[in-house]
Amino acid sequence: MKRRTFLFQTAGLAAAPTLSLTSLSGCGRPGAQADLPDTVWRTLAAVHAHLFPSEAKAPGAAELDTLGYLKAALDVPGFDPAERAAILRGAEAVEAQAKPRAFTELDEAEREAVLRAVEATESGRAWLEGMLNYLIEALLADPVYGGNPSGVGWRWLDHNPGFPRPPAGKRWFLLKSL
Amino acid sequence: MNATEEFDVCVIGSGAGGGPVAWRLAQAGYRVVVLEKGPWFNEKDFYKDELACCRRRAYFPDAKTEPKMLETREDTEDGDGSWQTRPAHEAGWDLWNGNMVGGATNLMSGHFHRLKPVDFRLRSTFGPIEGANVADWPIAYDDLEPYYALVEREVGISGRVVAHPNQEPRSTPDFPYPPTREHPIAGWIDAAGKSLGYHPIPTPRAILSKPDQGRGGCSYSGYCGSYGCATGAKGSSRAALLNRAVATGRCEVRPHAMSYRLESDSTGKVVAAHYFDREGQKRQVRARLFAVACQAIETSRLLLMSTGPRHPQGLGNNHGQVGRNLIFAGGGSGSGRLSFKKFGEPLREFGTFVNRALQDWYVINDRAFGPRQKGGTIDLVEVHPAPIARAAPLLKEDGRLVWGKPLKRNLENYFRFGRGVKIEAFCDWLPHDDCRVSLDPTLKDKWGLPVARLRVDFHPKNLGVGWYLANKGAEVLKQLGAEEVISYAVGNPPTNLQAGGCRFGRDPKTSVLDPDCRAHDCENLFVTDGSFMPTGGSVPHTWTIYANAFRVADKIMAQLGNTPGNTLGKSQGDPHA
């Protein structure tokens, strides 16, 4: 018989979703996002806009402030330097694939071709999966974490976020230090 | 260390196995100390925050610095794989279930079922099963029944008794708290189930349906399992028991206290619990009696680490039984989707519970399936609304990543379609030689302690019964008009439902604990979590763990005698201090 490789949990939730990069709970220093070069942020902005485009009736990366969410995530005390480095390497891989032009200069079809080529490598796929995970977090996590401004993502998907919602002083990394 | 500090009872671990002992002993006038490795959260630390509960695991240890080693068989088509060993987190397993005062009960969904009389006599009722170490319990259902009833009152279980063919005997006519409010889906399940000749029953919940005991009632926020409760309605060991124990002035809870060794003397008795405090300093506490309740895997680990002059292989382990016969819950799973288009506005109700179960096949008497045999329970529950967990599977399709407008359309279709109902089928996890805990010879945690090494395989019979039950659940969902109904059995364990490893019994050669859950070879050591269970029943274990811990608390009091010592001479401070 085929051995099942998945778990089931009575709560209906999977165990920790594994980010394809590295864990967010390692050791590091605060303020790591500040030293990612602007060029990298420009690449990441263009990648996000392609992965989650803005539409008239549906918010995209810009409206969800996915970049703001990612910056806030990088600024979490203890953010894993290895993950920061992986984010940087992934952005560099996108630009390398886009050469001789810059990714930001490409049209939609060209961006799609570049990102699918990146996906074809193991590290590139892991990086893209990580970016997509950040994107859906920015879409659906509480606005206290920097994305989903005023719950725009929840409204789009008719999602009820429940209550009470987390105040800034009780964000997950602050709970961990209690 | 304060060399003079001494308690009547030291409880190690504060979840479902620790809370009842601490509360009952403190209530009776004994001096109790509870050592808990995690922090002391309270209602003001629990929010509807999916990053905190689930994705960043704020209420759990870091699996990298507190790992476990895992041995499983390789995933091969013929099921004849060789053993593969690696840290559990590298295999995607997290076996920590709540690292805080109150333990995993803070995060449970609290679908509570009692065991039934047949569960206490599986071997004598159905005979041995090849490749499994099935054993009768050394106590009967009647011994535990008064304590199931006690848990209904003390922890707070809401529900409604409905007669059905496998209803277990009760000493009270109904639950002390009325059922939590029900979603219209519950009524639709009742109608669908009855039309098939089945008996859907309201699932009891460890949730207060009205404020009581200083705790709030359920606020119906729509998120329950995996999330801490912000009103205190959920019957966690912390909210329901430890807060009351502390209020007596006779129970001290020490958070951030990682026990690493129970010291025993030349007579074999335990004299002290050694632990690391928050700063990593070694400390110890002395007591007349010790109760271990760290959840099954960690309980076995602590006993194995606790060698002494009369316990060279670890406490309770003079016959090499500690860690053996670890069990989980076997079973199956599945789901179906109800569309807003078909079911209309009533389906949009949010926050109330589906709360339905079927126990028609708790014993399966179906010739087409084989001889009369043990079956299990089917819980039908709402698909958890946690949005990121629901969205994440949409990122992949046929092995490719999905992004752009296709991803956005998938999200719209999924979130706006309707509501999901999940099938959770529970059968016995048959105990066997290849499911056990030992100490890993090389891997250490952040304190330099040897980590638990788990060998986990499942008995093939789990799958057969799991399929049978899951398919019955699917039949009800289809009858109800659900779409995309799927059902399947699950071989790997639900890592949040652990028990066994220190089974109780009458023979010291084949069990760790006596029928009172006292170690056969150590008179002042009790194990009060789910470790005692030789078999787990075909339900989640938690109610039984609570009930047995209340039962053992009475045994502990009988052993200590009715001469409680003086109360602690100091007041209790801020739990976060």
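Among the candidates B:THR72, B:THR65, single out the residue that is among the β-branched types (Val, Ile, Thr), in a loop (DSSP other than H, G, I, E, B) and either within 14 Å of another protein chain (Cβ to nearest Cβ) or buried (at least 24 other Cβ atoms within 10 Å of the Cβ) (or both). Let's see the steps before the verdict.
On the way: B:THR72 fails: in a loop (DSSP other than H, G, I, E, B).
Going through B:THR72, B:THR65 in turn, the sole match is B:THR65.
Are there any pairs with C-beta distances below 6 angstrom linking a residue in region B:20-31 that is touching a residue at least 40 places away in the same chain (Cβ under 8 Å) to a residue that is among the polar types (S, T, N, Q) and crowded, with 24+ Cβ neighbours inside 10 Å, with the two at least 6 apart or on different chains, and if so which?
The qualifying pairs are B:VAL21/B:THR528.
Of B:ILE139, B:ILE129, which residue is in a loop (DSSP other than H, G, I, E, B), over 28 Å from B:ARG551 (Cα atoms) and among the hydrophobic types (A, V, I, L, M, F, W, C)?
On the way: B:ILE139 fails: over 28 Å from B:ARG551 (Cα atoms).
Selected residue: B:ILE129, the only one of B:ILE139, B:ILE129 that is in a loop (DSSP other than H, G, I, E, B), over 28 Å from B:ARG551 (Cα atoms) and among the hydrophobic types (A, V, I, L, M, F, W, C).
Among the residues of region B:12-19, is there at least one that is under 23 Å from A:ALA141 (Cβ atoms) and either touching a strand residue (DSSP E or B) at 6+ places or on another chain (Cβ under 8 Å) or of a type in the set (Gly, Ala, Ser) (or both)?
We begin by selecting, within region B:12-19, every residue under 23 Å from A:ALA141 (Cβ atoms); these are none.
No: zero hits.
Conditions (1) assigned to a loop (DSSP other than H, G, I, E, B); (2) not β-branched (Val, Ile, Thr), marked per residue:
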{"site": "B:VAL485", "(1), (2)": "no, no"}
{"site": "B:LEU497", "(1), (2)": "yes, yes"}
{"site": "B:ASP507", "(1), (2)": "yes, yes"}
{"site": "B:PRO515", "(1), (2)": "yes, yes"}
{"site": "B:ASP521", "(1), (2)": "yes, yes"}
{"site": "B:PHE526", "(1), (2)": "no, yes"}
{"site": "B:PRO534", "(1), (2)": "yes, yes"}
{"site": "B:VAL539", "(1), (2)": "yes, no"}
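Could you list all residues from region B:1-52 that are hydroxyl-bearing (Ser, Thr, Tyr) and surrounded by fewer than 24 Cβ atoms within 10 Å (Cβ to Cβ)?
Let us first name the residues in region B:1-52 that are hydroxyl-bearing (Ser, Thr, Tyr), namely B:4, B:14, B:30, B:47.
Of everything in region B:1-52, just one residue is hydroxyl-bearing (Ser, Thr, Tyr) and surrounded by fewer than 24 Cβ atoms within 10 Å (Cβ to Cβ), namely B:THR4.
Among residues belonging to region B:398-416 that are part of a helix (DSSP H, G or I) and crowded, with 16+ Cβ neighbours inside 10 Å, point out the one that is farthest from the other protein chains (Cβ to nearest Cβ). Show your work before the answer.
Initial filter on region B:398-416 (part of a helix (DSSP H, G or I)): B:404-416.
Right, trim to crowded, with 16+ Cβ neighbours inside 10 Å and you get B:404, B:407-408, B:410-411, B:414-415.
Details: B:GLY404: 6, B:LEU407: 7, B:LYS408: 6, B:ASN410: 11, B:LEU411: 6, B:TYR414: 8, B:PHE415: 4 Å.
Taking the candidates together, the pick is B:ASN410.
Residues that are touching a strand residue (DSSP E or B) at 6+ places or on another chain (Cβ under 6 Å) and hydrophobic (A, V, I, L, M, F, W, C), at least 3 per element: which strands (runs of 3 or more DSSP E) completely within region B:205-292 meet that? Step through it out loud before you land on a result.
Values: elements: B:251-254, B:258-264, B:270-276, B:282-292.
The qualifying strands (runs of 3 or more DSSP E) are B:270-276, B:282-292.
Is there a residue in region B:156-163 that is surrounded by 16 or more Cβ atoms within 10 Å (Cβ to Cβ), at pLDDT 95 or above and in a helix (DSSP H, G or I)?
Residues of region B:156-163 that are surrounded by 16 or more Cβ atoms within 10 Å (Cβ to Cβ), as a first pass: B:156-159.
Filter once more, keeping what is at pLDDT 95 or above: B:156-159.
The next check asks that each one be in a helix (DSSP H, G or I); those that pass are B:156.
Yes, region B:156-163 contains at least one residue that is surrounded by 16 or more Cβ atoms within 10 Å (Cβ to Cβ), at pLDDT 95 or above and in a helix (DSSP H, G or I).
Can you report the number of residues in region B:424-445 which are farther than 18 Å from B:PRO460 by Cβ and at the interface with chain A (Cβ under 10 Å from one of its Cβ atoms)?
Residues meeting the conditions: 1.
List the pairs whose first member sits in region A:139-160 and is in contact (Cβ under 8 Å) with a residue 24 or more places away in the chain, whose second member is crowded, with 21+ Cβ neighbours inside 10 Å and β-branched (Val, Ile, Thr), and whose Cβ atoms are under 7 Å apart, counting only residues at least 6 apart or on separate chains?
Short answer, once both residue conditions are applied: A:GLY147/A:THR66.
Consider only pairs whose beta carbons are under 6 Å apart and that are at least six residues apart or on different chains; among these, list those whose first residue lies in region A:43-68 and is closer than 22 Å to A:ARG101 by Cβ and whose second residue is among the polar types (S, T, N, Q).
Partner pairs satisfying both residue conditions: A:ALA46/A:THR104; A:HIS48/A:THR66.
Residue-wise test of (1) within 28 Å of B:PHE504 (Cβ to Cβ); (2) crowded, with 16+ Cβ neighbours inside 10 Å.
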| site | (1), (2) |
| --- | --- |
| B:GLY330 | yes, yes |
| B:GLY336 | no, yes |
| B:PHE340 | no, no |
| B:LEU347 | no, yes |
| B:ARG356 | no, yes |
| B:ASN365 | no, no |
| B:GLY375 | yes, yes |
| B:LEU380 | no, yes |
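Go through B:ALA257, B:ALA239 for me and flag whichever is in contact (Cβ under 8 Å) with a residue 24 or more places away in the chain and under 26 Å from B:CYS522 (Cα atoms). Spell out the reasoning first.
Working: B:ALA239 fails: under 26 Å from B:CYS522 (Cα atoms).
The conditions single out B:ALA257.
Mind checking whether some residue in region A:15-31 is surrounded by fewer than 17 Cβ atoms within 10 Å (Cβ to Cβ) and either modelled with pLDDT of 50 or more or of a type in the set (Phe, Trp, Tyr) (or both)?
No, region A:15-31 has no match at all.
State all residues of region B:373-393 that are more than 8 Å from chain A (Cβ to nearest Cβ) and out of contact with any strand residue (DSSP E or B) (no Cβ under 8 Å at 6 or more places or on another chain); if no residue qualifies, say none.
B:ARG390, B:PRO393
Give me a count of the residues in region A:161-177 that are assigned to a loop (DSSP other than H, G, I, E, B) and either touching a residue at least 40 places away in the same chain (Cβ under 8 Å) or more than 7 Å from chain B (Cβ to nearest Cβ) (or both). Spell out the reasoning first.
First, the residues of region A:161-177 that are assigned to a loop (DSSP other than H, G, I, E, B): A:161-167, A:171, A:176-177.
Narrowing the set further to residues that are either touching a residue at least 40 places away in the same chain (Cβ under 8 Å) or more than 7 Å from chain B (Cβ to nearest Cβ) (or both) leaves A:167, A:171, A:176-177.
Result for region A:161-177: 4.
Taking region A:129-155, which residues are closer than 18 Å to A:PRO53 by Cα, among the aromatic types (Phe, Trp, Tyr) and at the interface with chain B (Cβ under 8 Å from one of its Cβ atoms)?
Answer for region A:129-155, where residues must be closer than 18 Å to A:PRO53 by Cα, among the aromatic types (Phe, Trp, Tyr) and at the interface with chain B (Cβ under 8 Å from one of its Cβ atoms): just A:TRP154.
Is it true that some residue in region B:193-215 is under 23 Å from B:LEU107 (Cα atoms), within 14 Å of chain A (Cβ to nearest Cβ), modelled with pLDDT under 95 and surrounded by fewer than 24 Cβ atoms within 10 Å (Cβ to Cβ)?
No.
For the condition of a type outside the set (Gly, Ala, Ser), without any contact (Cβ under 8 Å) to a residue 24 or more places away in the chain and in contact with a strand residue (DSSP E or B) (Cβ under 9 Å, 6 or more places away or on another chain), what is the one hit in B:GLU90, B:GLU182?
On the way: B:GLU182 fails: without any contact (Cβ under 8 Å) to a residue 24 or more places away in the chain.
So the residue among B:GLU90, B:GLU182 that is of a type outside the set (Gly, Ala, Ser), without any contact (Cβ under 8 Å) to a residue 24 or more places away in the chain and in contact with a strand residue (DSSP E or B) (Cβ under 9 Å, 6 or more places away or on another chain) is B:GLU90.
From the set of residues in region A:50-69 that are within 10 Å of chain B (Cβ to nearest Cβ) and part of a helix (DSSP H, G or I), which is surrounded by the most Cβ atoms within 10 Å (Cβ to Cβ)?
Going through the qualifying residues, I end up with A:LEU51.
The values are calculated or read from the model by the stated rules, or taken from the named source; none is laboratory data. Since the model is a prediction, treat every value here as computed from it, not as a measurement. Neighbour counts run over all protein chains shown; Cβ positions are idealised from the backbone, glycine included.
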